[in-house]
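The values are calculated or read from the model by the stated rules, or taken from the named source; none is laboratory data. Note that the structure is a prediction, hence the values are computed from the model and not measured. As a convention, Cβ positions derive from the backbone with ideal geometry for all residues, glycine included, and neighbour counts pool all protein chains shown.
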Amino acid sequence: MCACSQSSILFETDRLVVRSITQDDVDSIYAVYSAPKAMRWVGDGQPIKYNDCIKWVEVTANNYASRGYGLSALQLSDTGEIIGFCGLVHPNGQHEPEIKYALLERYWGKGYASECVKGMIQYGHKQYGMDSIIATVAAENAASQKVLAKCDMRHRETITEDDNSSTLVFAWSPKTIETSAQCH
């Protein structure tokens, strides 16, 4: 049984409530991560299956129990509608926390991604003392690269994948904020 049966608010932004996910969020997770257009940028590019969403909630519950953080639901403050997910994770056991996010397509281009990423970075830094957070993005995903740049993340390296595609690694640290402030 999943330990996350009750959600808790992690933080709020001007338009969003960011909270831990629960078993009740499986349908919303599926709505976001089964959309082919959104999933072309996530993982292997394939839409997720419903049963994988159930497992994802269980994995996230374990992450919250062991680390205190994981995947989070993004709800509109005014309506409570879940518009996507964002979180700090450690894929394949990597040391550095990595920020991941995905939104329902109808909310793309409205500033929600930047809002949640900025908030999640601040949350990780203030609540957990994270002094380095990374994000990975496909070289062709210009929209996400802009989001990361707006959130004071800087391109750190480019990785050539097994299929010869390029993945860009962006990184945030308190120093990137200081450097960014000096440049304006």
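When both residues are 6+ apart or on different chains and their Cβ atoms are under 6 Å apart, which pairs have a first residue that lies in the range 144-171 and is in contact (Cβ under 8 Å) with a residue 60 or more places away in the chain and under 17 Å from Ala102 (Cα atoms), and a second that is of a type in the set (Val, Ile, Thr) and in a strand (DSSP E or B)?
Ser144/Val137
Across the range 137-155, what is the total count of residues that are under 24 Å from Ser20 (Cα atoms) and either surrounded by fewer than 18 Cβ atoms within 10 Å (Cβ to Cβ) or out of contact with any strand residue (DSSP E or B) (no Cβ under 9 Å at 6 or more places or on another chain) (or both)?
0
Can you go through Glu115, Glu140 and tell me which one is acidic (Asp, Glu) and either modelled with pLDDT of 95 or more or part of a helix (DSSP H, G or I) (or both)?
Among Glu115, Glu140, only Glu115 is acidic (Asp, Glu) and either modelled with pLDDT of 95 or more or part of a helix (DSSP H, G or I) (or both).
Any chance you could count how many residues in the range 172-184 are at pLDDT 80 or above and either closer than 22 Å to Ala102 by Cα or part of a loop (DSSP other than H, G, I, E, B) (or both)?
Selection size over the range 172-184: 2.
I'd like to check something: does the range 27-35 contain any residue that is under 25 Å from Gly124 (Cβ atoms) and of a type in the set (Asp, Glu)?
No, the range 27-35 has no match at all.
Within the set of pairs 6+ apart or on separate chains, which have a first residue in the range 55-66 that is under 15 Å from Asp27 (Cα atoms), a second that is part of a helix (DSSP H, G or I) and at pLDDT below 90, and C-beta atoms under 9 Å apart?
From the range 55-66, the pairs are Trp56/Tyr33.
Does the range 28-48 contain any residue that is acidic (Asp, Glu) and at pLDDT below 90?
yes
Go through the range 154-171 and give me each residue that's out of contact with any Leu (no Cβ under 8 Å at 6 or more places or on another chain), hydroxyl-bearing (Ser, Thr, Tyr) and in a strand (DSSP E or B).
Thr160, Ser166, Thr167, listed by residue number.
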